[in-house]
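All remarks here apply to the structure that follows.
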Amino acid sequence: MNIVVQEVQKGTGALKVMVKDSIDIQGMRTMAGSQALMQSQAAPTNAEVVERILAADCQITAKTNLHELAFGITGINHTFGTAINSKYPELIPGGSSSGSAAAIAAGLADFTLGTDTGGSIRMPAACCGVYGLKPTFGRVSRAGVHPATSSLDCVGPFANSVDMIESAMQIIDPTFHQPTELTQAPKLAWLNVAADSVVIDTIQHYLTQANLTASAVTLKGFEAAFDAGMQIINYENWQAYGELTQTGLLGADVNGRLLKAADTTLTQVKQAEQVRADFTAELDALLTQYDALILPTLPQLPPKLADAENTVAFLNLTALVRPFNLSGHPAISVPLQTEQGQPVGLQIVAKRNADEYLCAVAKYIVNAAQ
């Protein structure tokens, strides 16, 4: 199904797990969806998250496909094939963790791992109609994850329920404690953002079903946080992968984005770091007044595959997810559908290191809407 990059048989446990091919598995090449890395050396050791999965008696069955070098949002990959969005076959699977989201949608695993530097878990979760969690930055080990250095990237799980997201987190994050159930409705803030009416109406209808209300709020640094996140990811990805532009083996979209990223200066990065500090403080302050922040995962319905070859043209799809990579707050995407059966994601954000509470809020909202 263009989801699996390499089949794996590690562990014999009850839970079946698949791992994004930017995460090392001992004895296998980590190709990150790129022809330029197909001849790389096999990983000498497992990534720390892989060790934790095996120690928890899970079975890793495959490495999953992704947008090349995890540097794109559509999930389109002409080298290894584009993961099929089984619930919505005409639509993009979303990137960069396309295969990991698509595998859950197709029922091929109990949970999968992706990475999220600028929305790369939450976006494909929304496109494929599954749950996806970006943990608090630094909460889950990135040892053995590519690129080796990132100030934005997080490893996190996809699943078909919040319960399984919690189970996955208990496996990959030794500090994730036993989940608790909320006994009363959380105090929610609705972030006023630019999004298509069909997306907002779908979420508002869902909240009405759940008998929940949310106070409208704004974050004045939100758009600046998106821009700053772009500056940082561009700078860091050029440092990590810039030399691959000399191989002639990169796809045209990623090669072009990397060459453009080369123009990012340290001055711009320093300015972005100030935006990071200001926006993080603003969001921290807001979350002292509310239990969680809610907003759409994507500002529009996912585009059709046939229309999405130009990644740059669709960068706005990450407008509502990327700011929380900059601030480091945990965020989960909950799958919803329009009345016409099209995928919409409800994004929920909580305090930093309140990942357990975030899952509890998500579970409360989902259960209340049933």
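Side notes on the structure shown:
- Of the residues making up region 290-325, those that are polar (S, T, N, Q), surrounded by 18 or more Cβ atoms within 10 Å (Cβ to Cβ) and either free of Cβ contacts under 8 Å to residues at least 40 places away in the same chain or within 24 Å of LYS187 (Cα to Cα) (or both) are THR297, ASN325.
- Test for ASP278: is it among the acidic types (Asp, Glu), in a loop (DSSP other than H, G, I, E, B) and either open to solvent by less than 50 Å² (accessible area, probe 1.4 Å) or farther than 21 Å from ALA194 by Cα (or both): no
- Qualifying residue in region 41-51 (condition: more than 21 Å from ILE332 (Cα to Cα) and in contact with a helix residue (DSSP H, G or I) (Cβ under 8 Å, 6 or more places away or on another chain)): yes
- The set of residues in region 326-341 that are assigned to a loop (DSSP other than H, G, I, E, B) and surrounded by 24 or more Cβ atoms within 10 Å (Cβ to Cβ) comprises HIS329, PRO330.
- Just one residue in the set ALA360, ALA350, ALA331 is in contact with a helix residue (DSSP H, G or I) (Cβ under 7 Å, 6 or more places away or on another chain), modelled with pLDDT of 95 or more and over 27 Å from LEU91 (Cα atoms); that residue is ALA350.
- Residue within region 213-223 that is of a type outside the set (Asp, Glu), at pLDDT 95 or above, within 24 Å of VAL275 (Cβ to Cβ) and part of a helix (DSSP H, G or I) present: yes
- Check on ILE76, touching a residue at least 60 places away in the same chain (Cβ under 8 Å) and either open to solvent by less than 30 Å² (accessible area, probe 1.4 Å) or part of a helix (DSSP H, G or I) (or both): yes
- The conditions of being touching a residue at least 12 places away in the same chain (Cβ under 8 Å), within 25 Å of ASN160 (Cβ to Cβ) and among the aliphatic types (A, V, I, L, M) are met by LEU336.
Rundown of residues vs (1) more than 26 Å from PRO302 (Cβ to Cβ); (2) open to solvent by less than 50 Å² (accessible area, probe 1.4 Å), yes/no style:
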| site | (1), (2) |
| --- | --- |
| GLN204 | no, no |
| THR208 | no, no |
| ASN211 | yes, no |
| LEU219 | no, yes |
| THR247 | yes, no |
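- If you filter region 87-115 down to residues that are touching a residue at least 60 places away in the same chain (Cβ under 8 Å) and out of contact with any Pro (no Cβ under 9 Å at 6 or more places or on another chain), you find that the one that is nearest to ASN234 (Cα to Cα) is THR115.
- Selection of region 239-297 for residues being over 22 Å from the mean Cα position of the chain (by Cα), under 28 Å from PRO124 (Cβ atoms) and hydrophobic (A, V, I, L, M, F, W, C) yields LEU244, LEU249, LEU250, ALA252, LEU259, ALA262, VAL269, LEU286.
- ASN192 passes every criterion in (1) touching a strand residue (DSSP E or B) at 6+ places or on another chain (Cβ under 6 Å); (2) open to solvent by 70 Å² or more (accessible area, probe 1.4 Å); (3) closer than 30 Å to SER40 by Cα apart from (3).
- Within region 144-170, residues that are touching a residue at least 24 places away in the same chain (Cβ under 8 Å) have Cβ atoms under 6 Å from residues that are surrounded by fewer than 23 Cβ atoms within 10 Å (Cβ to Cβ) and assigned to a strand (DSSP E or B) in these pairs: ILE165/ALA159, counting only partners at least 6 apart in sequence or on another chain.
The values are calculated or read from the model by the stated rules, or taken from the named source; none is laboratory data. Owing to the predicted nature of the structure, the values given are computational and were not obtained by experimental measurement. Neighbour counts run over all protein chains shown; Cβ positions are idealised from the backbone, glycine included. Note: areas computed on protein heavy atoms with side chains; ligands, DNA, RNA excluded. Shrake-Rupley method; radii C 1.70, N 1.55, O 1.52, S 1.80 Å.
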